[in-house]
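Q: One structure follows; several queries about it will come next.
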Amino acid sequence: MTLGDWLTLRGDAKLSANKGGTKMKLLFAAAAALMLGAGAARAADFVTIPLETTINAPADAAWKKISGFCAIGGWFKTTCVITAGTDGQMGAVRRIADRIDELLVAKTAWSYSYSQPKSPIDYHGTVEIQPVDKGHSKLLYTLVYDADALPKHEPADKAADKDRRAKQFTGLVATMKAAAEAK
């Protein structure tokens, strides 16, 4: 039902100015209710996959080796090119394997976060290094996505998808660890 249909049923198809704007307030309340109802049509089921490993190198040295926004291409043994913006700067867009676009949305001295703006699953990832002591650091790679937006979103399908992603990115983290520890 559209807002116009609802107003017609109520007999309020024509809004008139009146004291206190009662009909206008009713219109805004109806619009808000419709928007809230539309958002509740499908509840999100955000999944977080936190991965971490210890790096046998100080955080600053490790980050220099793995912080490249397009370095992921080499780790996944595929292509990665910057298609917009400046590599490593907020707003940069990388294209992985000629099909996946990722936007750099946040950055600190030892981390960055990206999103896939066209992703139906609202996919995001964060890569971060944390110092542990003078000679060691921790690599954290966290993925977040809406499992309810997957093409198949039954519990077994969601679990299989999460396991697939965790396995794929566990391998990536191991490759990043080797790169960070390389002499």
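Q: Using the Karplus equation 6.51 cos²θ - 1.76 cosθ + 1.60 (θ = phi - 60°), what ³J(HN,Hα) coupling, rounded to whole Hz, does each residue of the range 125-134 give in order, writing x for Gly and Pro?
A: x, 9, 10, 8, 10, 10, x, 10, 7, 4
Q: If the label point is 7 Å along Cα→Cβ of ASP45, which residues in the range 141-183 have backbone nitrogen under 18 Å from it?
A: Counting only backbone N, you get 144-166.
Q: Apply the Karplus parameterisation 6.51 cos²θ - 1.76 cosθ + 1.60, with θ equal to phi minus 60°, to every residue of the range 104-120 and state each ³J(HN,Hα) to the nearest whole Hz, in sequence, with x for glycine and proline.
A: 6, 10, 7, 7, 10, 4, 10, 7, 8, 10, 9, 10, 10, x, 9, 6, x
Q: Give me the number: length gained by fully extending GLU154 to ALA178, i.e. 0.36 nm times residue separation minus the C-alpha to C-alpha distance, one decimal in nm. If you can, show how the numbers build up before the last one.
A: Working: separation 24, 0.36 × 24 = 8.64 nm, distance 3.64 nm.
So the extension gain works out to 5.0 nm.
Q: What shape does the range 46-181 have by the C-alpha gyration tensor, where a ≥ b ≥ c are the square roots of the eigenvalues, rounded means a/c under 1.5, and otherwise prolate means a/b greater than b/c and oblate the rest? It would help to have the intermediate numbers written out before the result.
A: Details: a/c = 1.94, a/b = 1.32, b/c = 1.47.
Oblate, because a/c is 1.5 or more while a/b does not exceed b/c.
Q: For a footprinting-style exposure proxy, rank HIS153, HIS124 by other Cβ within 10 Å, fewest first. Before the final figure, lay out each step's value.
A: Working: HIS153 15, HIS124 21.
With the fewest neighbours first, HIS153, HIS124 line up as HIS153, HIS124.
Q: Could you pull out the pairs from LYS107/LYS152; LYS65/LYS118; LYS118/LYS162; LYS118/LYS152; LYS77/LYS167; LYS64/LYS107 whose alpha carbons sit more than 25 Å apart here? Walk me through the intermediate numbers first.
A: Working: LYS107/LYS152 33 Å; LYS65/LYS118 29 Å; LYS118/LYS162 20 Å; LYS118/LYS152 18 Å; LYS77/LYS167 16 Å; LYS64/LYS107 14 Å.
Distance filter (> 25 Å) returns LYS107/LYS152; LYS65/LYS118.
Laboratory data are not the source of any read-out in this text; all were calculated from the coordinates shown. All values derive from a computational prediction rather than experimental measurement. Note: ideal-geometry Cβ built from the backbone for every residue, glycine included; neighbour counts use all protein chains shown.
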